[in-house]
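Data block below; observations after.
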Number of protein chains: 2
Amino acid sequence: MSVYAEDGWRGGVRRMTARPANAHQARLLHLLRDQGPNSRAQLGDQVDLSRSKLAVEVDRLLETGLVVADGLAASRGGRRSHNIRLAPTLRFLGVDIGATSVDVAVTNAELEVLGHLTQPMDVREGPVAVFEQVLALAAKLKDSGLAEGFDGAGIGVPGPVRFPEGVPVAPPIMPGWDGFPVREALSQELGCPVMVDNDVNLMALGEQHAGVARTSQDFLCVKIGTGIGCGIVVGGAVYRGTTGSAGDIGHIQVEPDGRRCACGNAGCLEAYFGGAALARDAEDAAREGRSTALADRLAAAGTLAASDVSVAASAGDATALELIKAGGTRTGQVIAGLVSFFNPGLVVIGGGVTGLGHTLLAAIRTQVYHQSLPLATGNLPIVLGELGPLAGVTGAARLISDHLFSPA
Amino acid sequence: MSVYAEDGWRGGVRRMTARPANAHQARLLHLLRDQGPNSRAQLGDQVDLSRSKLAVEVDRLLETGLVVADGLAASRGGRRSHNIRLAPTLRFLGVDIGATSVDVAVTNAELEVLGHLTQPMDVREGPVAVFEQVLALAAKLKDSGLAEGFDGAGIGVPGPVRFPEGVPVAPPIMPGWDGFPVREALSQELGCPVMVDNDVNLMALGEQHAGVARTSQDFLCVKIGTGIGCGIVVGGAVYRGTTGSAGDIGHIQVEPDGRRCACGNAGCLEAYFGGAALARDAEDAAREGRSTALADRLAAAGTLAASDVSVAASAGDATALELIKAGGTRTGQVIAGLVSFFNPGLVVIGGGVTGLGHTLLAAIRTQVYHQSLPLATGNLPIVLGELGPLAGVTGAARLISDHLFSPA
DNA sequence: ACTCTTTGTCCTGAGACAGGAGAAAGTCAC
DNA sequence: GTGACTTTCTCCTGTCTCAGGACAAAGAGT
């Protein structure tokens with residue numbers, strides 16, 4: 001678990017030494033992050049500060065090295081402006097740990113993904129084994145010349161997190177992680193500040209930063225992967241709940257006295273849909289001879305995954321389509337309830353199962369629009385996420401940048 | 001519709017002319033409202049301002065007449081302090097319009113209810129008729145010497161509200177109110193600022209101000225009256241949703257293909273519970289001879305109300321108890337889903353049906369604790385509201401005081 | 001009578017800040 | 001090329017905010 005112990009990364013120099021000294025500077029950093037390079041004049045138009053005060057704060061930021069002035073912009077009919085931008089050497093690491101895979105990416109200060117690696121993995125192997133892989137992937141990205149080191153890292157885990165401490169709590173699908181000091185440990189290894197959150201929340205942050213939710217203040221982000229979760233954004237900020245388990249919708253009941261669920265209850269959404277349930281249903285269908293396409297895949301591989309259903313559906317397999325539609329309807333049932341309750345301005349559907357695409361989306365939409373009240377659905381877009389596998393890592397980078405770009 | 005047009009109240013002098021000039025003053029007003037009289041020193045301990053700056057702001061507030069200094073407090077071992085308090089002449093009007101009744105109350109600046117009147121009423125009579133009653137009740141309170149006039153009024157209506165404009169939108173149970181300019185109209189009649197909100201949100205505000213939710217930042221307030229709604233408080237503030245319909249949980253589906261509901265769908269919570277459903281179920285039970293107690297009441301009155309079930313249950317009637325338990329279980333089903341999703345720190349149960357008391361509460365608790373995940377329910381109190389019929393009017397007073405005690 | 005504590009007032013100096021004046025560096029019309 | 005105009009950025013000055021020390025007021029305790 002210490003890929004970096006040897007080459008001296010551990011406990012190495014912290015690269016980003018400065019933090020904004022006040023709210024004005026924090027505001028400026030956020031503007032530069034979200035909009036890219038700006039002139040002083042452009043910044044001034046957005047921050048409600050006098051030119052003099054703005055100049056002072058920009059100068060101070062330049063002194064810290066957090067931002068740089070490089071080159072002059074083209075004239076717009078007068079004196080040319082200086083390009084103020086975030087330090088081009090800043091690098092954030094985004095890590096998205098799923099149930100069955102891990103994504104790692106490097107971004108610059110504007111949170112553009114410069115490099116991205118994915119690897120199959122099983123969270124149940126526990127934090128030590130997973131960390132080794134994460135660090136190896138990070139090292140590979142670093143060695144490919146994308147970063148000389150990291151100024152901060154965000155990491156998402158597939159379960160509830162005690163956010164202030166960055167520690168998973170009672171995660172059902174990753175028992176070995178309970179109480180493991182993720183933040184502390186990763187920070188030690190990387191030698192930089194780290195923030196930890198639920199993977200679903202990070203997907204919401206990612207879509208908010210660079211995806212479909214850019215202009216939304218109140219929205220839901222439903223992630224359908226191995227399990228099903230929901231990121232909640234209220235007033236532009238992620239809402240995490242009292243104990244960090246908000247958005248845990250996989251175990252909402254959709255059928256009284258329905259199928260047994262791994263959680264011990266009956267009729268949970270996850271007993272009917274999600275990667276795990278879908279794979280199981282597909283195997284059943286294959287064995288019962290309801291789908292030759294699925295049966296062929298099963299015979300070839302010995303086991304089926306959600307992606308097999310996706311492939312079969314694309315090929316027009318009726319049973320596969322039916323499975324997706326049924327799952328979408330179940331999911332739509334739950335989302336309809338959430339829409340009535342929360343009255344969001346947008347619902348984003350994402351996660352691994354988005355490969356199921358528009359069949360799934362159509363089933364969800366049908367159910368929600370049919371079941372929720374018109375006032376709540378009247379102007380409610382239900383759309384697929386835009387960022388795919390980059391949503392999580394982008395959100396992770398945004399999480400840590402939000403932290404570092406705030407006054408200490 | 002103008003009880004006051006004659007006696008010159010309409011367009012009369014606005015009593016509270018001043019508003020806080022800055023955030024510091026607003027903070028001080030809120031402290032004085034929530035804690036009662038304070039000395040300058042006590043205020044200073046809570047506002048992170050220097051003594052000099054504090055003194056300046058207090059002096060300015062004294063000049064405006066919003067606060068007064070009356071008398072000296074007992075010595076605590078040194079010089080005696082001046083009691084700084086909100087102007088004792090300030091009066092707020094709180095109005096809570098329910099489906100079948102209206103509550104009106106007068107409070108002082110500390111939001112203590114000085115007088116309170118209730119009257120049966122049917123919202124479906126429309127805004128004009130209801131306003132007449134509200135104004136008559138307000139006049140009665142005024143004439144009894146509790147107020148010489150009102151500095152502000154809050155009003156709750158049983159349906160979604162476009163909050164910034166104070167206008168009901170598409171309210172299912174009060175069709176005549178759609179788009180009626182409640183804020184504007186009441187403000188004209190009373191000659192003071194008015195804020196309008198959903199009745200459920202006001203109940204949440206009331207319980208937060210003076211009831212069981214005093215220390216909670218994130219909680220749900222489920223109001224079971226004629227219909228069923230839910231107030232959502234996030235980070236201490238009421239969340240109203242994108243179109244003002246957040247918390248509309250009465251039409252969440254609890255039974256796929258279940259009972260038809262007035263909304264056009266099937267299996268809604270309100271088709272199974274709430275004052276209206278309960279009364280109907282009780283009548284059915286009476287007619288079918290399942291309860292002599294209820295049958296007697298029905299014979300006597302010709303119709304049954306939820307309160308009849310309450311009375312029968314108190315007398316030990318098994319069928320009445322069963323009805324309450326079944327309704328509580330249904331409600332618990334929905335709340336369990338909301339708890340998983342929202343992970344609140346507290347759930348408050350209130351509304352007219354709280355007369356059903358602990359039978360109802362027990363059924364809800366059983367269902368929620370059984371059905372939601374342990375992490376979300378582990379430390380989750382589910383309690384009855386403390387304020388009863390005063391929750392709504394207290395919340396209404398708080399709504400307008402929050403508004404008036406903020407910088408203009 | 002004396003000391004100590006608490007409360008409240010006054011004063012001064014440091015820093016935050018807005019906005020005017022003007023320098024720098026360009027475009028554009030002629 | 002020249003002059004008029006625009007845009008960007010810098011510098012300066014006067015105003016306002018504010019913290020904290022000194023001090024006055026008013027009481028308790030000995």
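The values are calculated or read from the model by the stated rules, or taken from the named source; none is laboratory data. Predicted model, so just to flag it, every value in this text is computed and none were measured. Quick reminder, even Gly has a Cβ in these numbers, built from the backbone with ideal geometry, and neighbours come from all protein chains shown.
Things to note:
- Taken over region A:130-157, the criterion of being more than 23 Å from A:Ile173 (Cα to Cα), outside any helix (DSSP H, G or I), of a type in the set (Gly, Ala, Ser) and out of contact with any Cys (no Cβ under 9 Å at 6 or more places or on another chain) is satisfied by A:Ala147 alone.
- Region A:60-78 - residue that is surrounded by fewer than 13 Cβ atoms within 10 Å (Cβ to Cβ) and within 13 Å of DNA strand C (Cβ to nearest atom) and, of those, modelled with the highest pLDDT: A:Leu72
- A:Ala109 being farther than 17 Å from A:Ala18 by Cα, assigned by TED's automatic domain parsing to the domain that holds A:Ala147, more than 16 Å from DNA strand C (Cβ to nearest atom) and at pLDDT 90 or above: no
- Some residue of region B:61-83 being more than 10 Å from DNA strand D (Cβ to nearest atom) and in contact with a Gly (Cβ under 6 Å, 6 or more places away or on another chain): yes
- Test for B:Gly159: is it in contact (Cβ under 8 Å) with a residue 60 or more places away in the chain and either surrounded by 20 or more Cβ atoms within 10 Å (Cβ to Cβ) or closer than 18 Å to B:Val393 by Cβ (or both): no
- Number of the condition not met by B:Ser307 [criteria: (1) closer than 19 Å to B:Leu360 by Cα; (2) more than 8 Å from chain A (Cβ to nearest Cβ); (3) crowded, with 21+ Cβ neighbours inside 10 Å]: (3)
- Among the residues of region A:237-250, some residue qualifies, meaning at least one is among the aliphatic types (A, V, I, L, M) and more than 16 Å from the chain's Cα centre (by Cα).
- Test: residue in region B:189-210 that is free of Cβ contacts under 8 Å to residues at least 60 places away in the same chain, surrounded by fewer than 23 Cβ atoms within 10 Å (Cβ to Cβ) and more than 9 Å from chain A (Cβ to nearest Cβ): no
- Pairs with Cβ under 6 Å, 6+ apart, first in region A:341-357 and among the hydroxyl-bearing types (Ser, Thr, Tyr), second surrounded by fewer than 22 Cβ atoms within 10 Å (Cβ to Cβ): A:Thr354/A:Leu384
- Test: residue in region A:43-52 that is in contact (Cβ under 8 Å) with a residue 40 or more places away in the chain, within 12 Å of DNA strand D (Cβ to nearest atom) and part of a helix (DSSP H, G or I): yes
- Which numbered condition B:Leu141 fails, given (1) buried (at least 20 other Cβ atoms within 10 Å of the Cβ); (2) closer than 11 Å to B:Val102 by Cβ; (3) out of contact with any helix residue (DSSP H, G or I) (no Cβ under 9 Å at 6 or more places or on another chain): (2)
- Test for A:Ala315: is it buried (at least 19 other Cβ atoms within 10 Å of the Cβ) and free of Cβ contacts under 8 Å to residues at least 60 places away in the same chain: no
- Boolean, A:Glu322 is out of contact with any Cys (no Cβ under 9 Å at 6 or more places or on another chain) and farther than 20 Å from A:Gly225 by Cα: no
Table: residues versus (1) among the polar types (S, T, N, Q); (2) near DNA strand C (Cβ under 9 Å from one of its atoms); (3) within 32 Å of the chain's Cα centre (by Cα).
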position: B:Thr17; (1), (2), (3): yes, no, yes
position: B:Asn22; (1), (2), (3): yes, no, yes
position: B:Arg27; (1), (2), (3): no, no, yes
position: B:Leu32; (1), (2), (3): no, no, yes
position: B:Gln35; (1), (2), (3): yes, no, yes
position: B:Asn38; (1), (2), (3): yes, yes, yes
position: B:Leu43; (1), (2), (3): no, yes, yes
position: B:Gln46; (1), (2), (3): yes, no, yes
position: B:Leu54; (1), (2), (3): no, yes, no
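- Answer residue from region B:261-282, given it is in contact with a helix residue (DSSP H, G or I) (Cβ under 7 Å, 6 or more places away or on another chain) and free of Cβ contacts under 8 Å to residues at least 24 places away in the same chain and is farthest from the other protein chains (Cβ to nearest Cβ) among those: B:Ala271
- Here B:Glu184 fulfils each of the conditions (1) more than 25 Å from B:Glu110 (Cβ to Cβ); (2) within 14 Å of another protein chain (Cβ to nearest Cβ) apart from (2).
- Within this structure, A:Ala105 passes the test of being away from DNA strand D (no atom under 16 Å from the Cβ) and buried (at least 21 other Cβ atoms within 10 Å of the Cβ).
- Inside region B:342-359, residues that are crowded, with 22+ Cβ neighbours inside 10 Å and farther than 24 Å from B:Asp96 by Cα make up a count of 3.
- Exactly one residue among B:Thr394, B:Thr377 is of a type in the set (S, T, N, Q) and within 30 Å of A:Gly244 (Cα to Cα), and that residue is B:Thr377.
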